[in-house]
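For reference, the structure discussed in these notes is given below.
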Amino acid sequence: MFRTQLQRELLLSFRSAHDLANPLIFFVMITCLLPLAVGADTAFLLKLATGMIWVMALLASLLSLDQLFRSDYEDGTLDQFLLLPQGLFWSVLAKIVAHWLVSGLPLALISPLLAMMFGLTATVYSLLLVSLLLGTLYFSFVGAIGAALTVCLRQGGLLLSLIIMPLYIPVLIFGAGSITQVLEGYSAAGSLGVVAALTAFAVAFSPLVITAALRIGVEG
């Protein structure tokens, strides 16, 4: 069931190539333009680097969240999922994983290349990649909660951001902080562990919350 749904979601995502590319283009463009705007001072760029890369990844992940469940809600697909013996759970999980694979994963993979523009050393590239892999996964699972809560609203994008932004802040702080700690000569194990724990918690419980929210939206 999960595999079939995941294949369906990935196929639908690749059919909308422009929607697929928007978060990645946004992430690359803004991150590339920032050094041009603030100047070429290496020390200053180094201070901005980790925080700005994480903020841009967060904002890029928001671009596609509003439509995560809306199309299925509008064409009645969610109603059909409710009639399945398995219910919404596996369909919800497949949609979130597909969203991360087509939006969060590319952002994480390209981040070490963009980090070169800020003067980050090669020693933090792997840590940046791992932290963003965890962070973007968290953004997809937690962001999907906001998408489910606002699926019935025609213009729910702003409300979605207001709902989930406070939930994003802890991962943003500890994710960016893990890179900063390494640059200052400290261990990043503690901060990275917090990000991993929050991500694991989100992966375990977000689908249950989303399923309940979608059921209320469809039946209510």
Test: Ala197 is of a type outside the set (Ser, Thr, Tyr), exposed (fewer than 14 other Cβ atoms within 10 Å of the Cβ) and modelled with pLDDT of 85 or more
yes
Listing of helices (runs of 4 or more DSSP H) fully contained in segment 63-181 that carry 3 or more residues being at pLDDT 80 or above
89-99, 105-115, 125-149
Exception for Trp90 within (1) over 14 Å from the mean Cα position of the chain (by Cα); (2) open to solvent by less than 60 Å² (accessible area, probe 1.4 Å); (3) of a type outside the set (Ser, Thr, Tyr) falls at (2)
What are the pairs, 6+ residues apart or on separate chains, where a residue within segment 58-80 that is closer than 17 Å to Val97 by Cβ has its Cβ under 8 Å from a residue that is open to solvent by less than 10 Å² (accessible area, probe 1.4 Å) and part of a loop (DSSP other than H, G, I, E, B)?
Phe69/Val151
Any residue in segment 181-197 that's of a type in the set (A, V, I, L, M, F, W, C): show its pairings with residues that are open to solvent by 70 Å² or more (accessible area, probe 1.4 Å) and not in a loop (DSSP other than H, G, I, E, B) at Cβ separation under 6 Å, as long as the two are six or more apart or on different chains.
Val194/Phe174; Val195/Phe174
Identity of the residue in segment 116-132, under 21 Å from Trp100 (Cα atoms) and not aromatic (Phe, Trp, Tyr), that ends up surrounded by the most Cβ atoms within 10 Å (Cβ to Cβ):
Ser131
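Yes/no per residue for (1) in contact with a Cys (Cβ under 7 Å, 6 or more places away or on another chain); (2) over 22 Å from Leu93 (Cβ atoms):
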residue	(1), (2)
Met117	yes, yes
Thr123	no, yes
Leu133	no, no
Leu137	no, no
Phe141	no, no
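Yes or no, residue by residue, for (1) within 30 Å of Phe89 (Cβ to Cβ); (2) modelled with pLDDT under 95; (3) out of contact with any Phe, Trp or Tyr (no Cβ under 9 Å at 6 or more places or on another chain):
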| site | (1), (2), (3) |
| --- | --- |
| Leu183 | no, yes, yes |
| Ser187 | no, yes, yes |
| Leu192 | yes, yes, no |
| Ser206 | yes, yes, no |
| Ile216 | yes, yes, yes |
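Is one or more of the residues making up segment 133-151 without any contact (Cβ under 8 Å) to a residue 60 or more places away in the chain and open to solvent by 60 Å² or more (accessible area, probe 1.4 Å)?
no
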Out of the residues in segment 24-72 meeting the condition of being hydroxyl-bearing (Ser, Thr, Tyr) and within 18 Å of Leu158 (Cβ to Cβ), tell me which one is most open to solvent (accessible area, probe 1.4 Å).
Ser64
Among the residues of segment 150-196, the number that are within 23 Å of Asp72 (Cα to Cα) and either touching a Lys or Arg at 6+ places or on another chain (Cβ under 7 Å) or charged (D, E, K, R) (or both) is 2
With the condition kept exactly as written, say whether any residue in segment 175-189 is farther than 24 Å from Trp100 by Cβ and either open to solvent by less than 40 Å² (accessible area, probe 1.4 Å) or β-branched (Val, Ile, Thr) (or both).
yes
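The values are calculated or read from the model by the stated rules, or taken from the named source; none is laboratory data. Just so it is clear, the model here is predicted, and its values are computed rather than measured. No Cβ is skipped: glycine too gets one built from the backbone with ideal geometry, and neighbour counts run over all protein chains shown. To get the accessible areas, we keep the full protein, side chains included, count just its heavy atoms, and leave off ligands, DNA and RNA. Shrake-Rupley method; radii C 1.70, N 1.55, O 1.52, S 1.80 Å.
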